[in-house]
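We did not get these values from a lab; they are worked out from the coordinates using the rules stated. Since we're looking at a predicted model, the values are computed, not measured. Because the Cβ atoms are built from the backbone with ideal geometry, glycine has one as well, and the counts that use them run over all protein chains shown.
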Amino acid sequence: MKIVIAMMKHETNTFSPIVTDWERFENWGAHFGKKVLEKYENTRMPMAAYIHLAKKAGAHIVTPVAAEAMPSGIVTAGAYARMSNAICESIDAGCDLALLDLHGAMVAGPAMDGEGTLLERIRSIAPGLPIAVTCDFHCNLTQKMVDNCTALIGYKTYPHVDMYEVGLQVGRIVMDSMEGKNTPVMTRVQLPLLAHTLKQGTDDQPVKSLVSACTQAEKQTGVLAATFFGGFPLSDMPDTGSSTLVVTDNDKNQAKITAKKIADLAWQKRSEFIYHCSSLTDAVDRAKELSDYPVILLDHEDNCGSGGTQDVMAVIREIIDQDLDGVAVAAVYEPKAVKEMQRAGVGTKIKLFLGGKIAIPSLCLEGKPLEIEGQVKVLTDGQWIVHGPMYTGVQVDMGPTALFDTGKIKIVVVSFHHEPWDTGVFTSVGIQPEHEKYLLLKSRIHYRAGFAPIGKQTIHCDGEGVTTSRNDLLNYKYLRRPIYGLDKDVTFKI
């Protein structure tokens, strides 16, 4: 048996000014051929699960590409073609099965539905090919995606710590179908719900109960997989939003009933999916009153893991104005500042105009650099291996990295975007995060993977940035309307 295993992943924030070209994929991780096996076989990614299944089956494995970029703006036509062509050429060369690790919220220059367009193209090349697909929890699921694969599944965790397990699950479903053990059929139910990402943590309500409903559904005879997708609200396309998907063994009616039941539960809880902002000044005031450390401060509106520029200084400026002491920050994206610190050398005291170099036209925000003095404490190449529960075994590359210390604040400054979901963002530059008073993280929910075990309390800091939860500030052009979270008097019926 010949199996094509490939990855093409990007969560596209169509309001982000960050260009998503091929270089951005290379910065995070883009590999071809045998290099894919080397990079992913010993991780906890869906790719590793697929490789495990293929080797167990004694198959000949073809790995045309494994490419992922940190969330950012629309994927360029050239980058999309490079990935999708590599996959389709391998399919065209002949294979018995395709195991694909996709995201589900990719918007590319030539394809608003990046994943659906890829799958439709594969179907046209090989109409009868069995195709298994894993998608992110934040997938904006389209009917084109469902119609052009054999079985599709999404993560049940956010932070995403079950990627390997769902890869095994969907891979086994499709491989069993090839042996005549099942006949997968799928039903998708789309909700008119634009759920805020900050309200999608799977350890919290309302999503915790929806994941439980999916897990319970999978215990029913005939239900092969059940997924609730929170959706990615910052990707402006018609299908953006929450949905459910159920895979059954040749029972379309069971799939429809089960998917609708889970969707109805989500709709009952719709008000719980909306995050309500508060004063940044008040948030930092609350942090000053706490004494059980470390306290996690979330600069969530500038989270590069959802497409943020990661150089907005509003929250850092506020903690300086309020004279907060004992703060470690991860991370500020500022390649120019890193170069200045490299020229100065470790131990040198310098003045920087840090951050604020990238304007955000979608929010009419100009860059506001922060004038700040401190000492260059550490310089590194920014490379380290994740040992925490999310992206386990994957090598992170933050690009040339520096640690800047003002005396009261230690700031990790990076040259490539990276969301701090693992403590390695600090330990790689010599900081022991469990011993800091405050950890200011440019993250939303993923930080919990590495920092929840050490953080005593968490405070949301509503600053500025393109990962805002104030979606009414964004000019949606393609999103279907009306939709709950933006509009009033929204109804839901199938």
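Which members of the range 131-141 meet the condition of being closer than 27 Å to GLY94 by Cα and in contact (Cβ under 8 Å) with a residue 40 or more places away in the chain?
Hits for the range 131-141 are ILE131, ALA132, THR134, CYS135.
Exactly one residue out of SER235, SER242 is touching a helix residue (DSSP H, G or I) at 6+ places or on another chain (Cβ under 7 Å), within 16 Å of ILE483 (Cα to Cα) and in contact (Cβ under 8 Å) with a residue 24 or more places away in the chain, and it is SER242. Just a yes or no: is a residue in the range 40-62 in contact with a strand residue (DSSP E or B) (Cβ under 6 Å, 6 or more places away or on another chain), under 21 Å from SER177 (Cβ atoms), surrounded by 17 or more Cβ atoms within 10 Å (Cβ to Cβ) and of a type in the set (Gly, Ala, Ser)? The answer is yes; a qualifying residue exists. Within the range 27-35, is there a residue that is surrounded by fewer than 22 Cβ atoms within 10 Å (Cβ to Cβ), within 23 Å of MET398 (Cα to Cα) and of a type in the set (D, E, K, R)? Looking through the range 27-35, at least one residue is surrounded by fewer than 22 Cβ atoms within 10 Å (Cβ to Cβ), within 23 Å of MET398 (Cα to Cα) and of a type in the set (D, E, K, R).
Scanning the range 294-319 for residues that are in a helix (DSSP H, G or I) and under 14 Å from LEU370 (Cβ atoms) turns up ASP302, ALA314, VAL315, ILE316, ARG317, GLU318, ILE319. All of SER84, SER90 fail the test of being part of a helix (DSSP H, G or I), in contact with a helix residue (DSSP H, G or I) (Cβ under 8 Å, 6 or more places away or on another chain) and crowded, with 17+ Cβ neighbours inside 10 Å, apart from SER84. When the range 103-126 is limited to residues that are among the aliphatic types (A, V, I, L, M) and part of a helix (DSSP H, G or I), the one that is surrounded by the fewest Cβ atoms within 10 Å (Cβ to Cβ) turns out to be ILE125. Among the residues of the range 226-247, the one identified as surrounded by fewer than 24 Cβ atoms within 10 Å (Cβ to Cβ) and of a type in the set (A, V, I, L, M, F, W, C) is MET237. Say we look at the range 400-437 and pick out the residues that are among the small types (Gly, Ala, Ser) and crowded, with 17+ Cβ neighbours inside 10 Å; which of these is nearest to PRO17 (Cα to Cα)? So, considering only residues that are among the small types (Gly, Ala, Ser) and crowded, with 17+ Cβ neighbours inside 10 Å, the one nearest to PRO17 (Cα to Cα) is SER415. Of everything in the range 345-373 that is of a type outside the set (A, V, I, L, M, F, W, C) and buried (at least 17 other Cβ atoms within 10 Å of the Cβ), the residue that is nearest to the chain's Cα centre (by Cα) is SER362.
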